[in-house]
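Following: one structure in structure tokens, then a few remarks.
The values are calculated or read from the model by the stated rules, or taken from the named source; none is laboratory data. The structure displayed is predicted, hence computed values, not measured ones. FYI the Cβ positions are ideal-geometry reconstructions off the backbone, even for glycines, and counts take in every protein chain you see.
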Amino acid sequence: MRQSELFTKTQKAFPKDEVSANARLLIRAGYIEKLMAGVFSMLPLGFRVRENIMRIIREEMNATGACEIIMPALHPKSVWETTGRWDEMKSVMYQFGEGERAYGLGPTHEEVIAPIVQKHVNSYLDLPIALYQIQVKFRNEERPKSGLLRGREFTMKDLYSFHTNEESLNVFYDRVKEAYRGIFKRVGLGDTTYLTLASGGSFSQYSHEFQTVSDVGEDTIYLCKACSVAVNHEIITEQKVCPECNSNDLVKKNAIEVGNIFKLGTRFSEPVGLMYRDTDGTQKPVIMASYGIGVERLMGAIVETYHDDAGLIWPQAVAPFIAHLLIIGEQTGTLKKFADTAYQSMIDADIEVLYDDRTDVSAGEKFADADLLGLPWRLVVSNSTLAEDKIEVKKRTEKEKKLIALKELPKYITK
């Protein structure tokens, strides 16, 4: 993509009303635009990052055997009354209308998906089933803050699984754990994200969260040095002992919750009559579990982890473009032709590149914008590189620059 055709522009200064790094950098760099507290538009660059994150999530979810669907965000009051949660969720759920025209905007989808599955499950032969969606959610956060880390409207991958027994659930539950590890590793958070024990409520002894260690995190976790498991602050004992190995060698950390997996039991299946016929002919309630990842929150956590004073530093798997090609100096015919050839060579090699072909911007501004936008590779074409028939190449994470021959450029980047 040519940067001259990108309608967004970087800002000279950080937004004054934002304190979190992810909001300050993403807004200043033109990735997102704030509509109101907790609600953001995804501009072209932000949209591409979000799409890359969703692609990784989708690939890992499909690998578990789950099928993707999409459900409505607008829910009638009646489906939530079935489980008794219409009143329970008043503080979180956007509710409006009266009588038969009372509706809510979905903060989650257990009440919607259980009746869907009920229509398609008869016997144990129909189970297990796993269904997921990547869909907008609405939650009436009292104090939305920290940019993308806490929003009122956001995208969530919510997966639901349905089983005949605990053994079946545990097999899939562990499969999702590994899929989540794969997701966080691929987006660049594998080394800082920990499987974390949390309260299981009335359904099980524990649920599990995936927490990314970060100074700006609102959650408090305790990392066990002995077994590398983390424990959420809300279930830690007074003695601060690891529930997994009984070690008391725990380190307190701030963290961002980027995912959760939760056994639901029959809490949502029984109210809607989601039953199956067992091998002996008896009717039994289906056992459920849910598994969530907030897409924008994950995007925000990546930014909080990868940035410096100059700007964003995107891991290559989620970056909006792999390379940022800059043409520096007066765009004479020869120089422009050389830069255009480099641009086309990257396209031909299926390398996504943002080409800063702007003519009304100084070299200093181009370099500053490149650091702010944070693409993995910076490629510079100038009269000095043209003289050697080469391109200056630098990783965003490194200071070293190299001169690479044009014909070798795609191979060098992909290597």
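Quick notes
- If you filter the range 150-185 down to residues that are of a type in the set (F, W, Y) and assigned to a helix (DSSP H, G or I), you find that the one that is nearest to V121 (Cα to Cα) is F172.
- Residue list for the range 368-400, restricted to those being in a strand (DSSP E or B) and either within 29 Å of the chain's Cα centre (by Cα) or more than 14 Å from L326 (Cα to Cα) (or both): W377, R378, L379, K394, K395
- Pairs with Cβ under 7 Å, 6+ apart, first in the range 264-285 and outside any strand (DSSP E or B), second surrounded by 18 or more Cβ atoms within 10 Å (Cβ to Cβ) and among the small types (G, A, S): F268/A114; S269/A114; V272/A114; L274/A114
- Matching residues in the range 290-308 - criterion: being in a strand (DSSP E or B) and buried (at least 24 other Cβ atoms within 10 Å of the Cβ): Y291, I293, G294
- Test set (1) out of contact with any Gly (no Cβ under 9 Å at 6 or more places or on another chain); (2) surrounded by 14 or more Cβ atoms within 10 Å (Cβ to Cβ) - N254 fails condition number: (1)
- Considering the range 207-226, and only residues there that are under 20 Å from V176 (Cα atoms) and of a type outside the set (S, T, N, Q), the residue that is farthest from the chain's Cα centre (by Cα) turns out to be H208.
- Neighbours by Cβ (under 8 Å, 6+ apart or cross-chain): first from the range 58-78, more than 17 Å from V295 (Cα to Cα) and free of Cβ contacts under 8 Å to residues at least 40 places away in the same chain; second assigned to a helix (DSSP H, G or I) and among the charged types (D, E, K, R): H75/E111
- Listed by position, the strands (runs of 3 or more DSSP E) inside the range 21-79 whose residues that are out of contact with any Gly (no Cβ under 8 Å at 6 or more places or on another chain) and farther than 18 Å from G182 by Cα number at least 2 are 32-36, 39-42.
- A search for C-beta distances below 6 Å between a residue of the range 201-223 that is modelled with pLDDT under 95 and any residue that is outside any strand (DSSP E or B) and among the hydrophobic types (A, V, I, L, M, F, W, C), counting only pairs 6+ apart in sequence or on different chains, returns Y222/I236.
- One residue stands out among those in the range 55-80 that are more than 20 Å from the chain's Cα centre (by Cα) and of a type in the set (A, V, I, L, M, F, W, C): the one that is nearest to V136 (Cα to Cα), which is L74.
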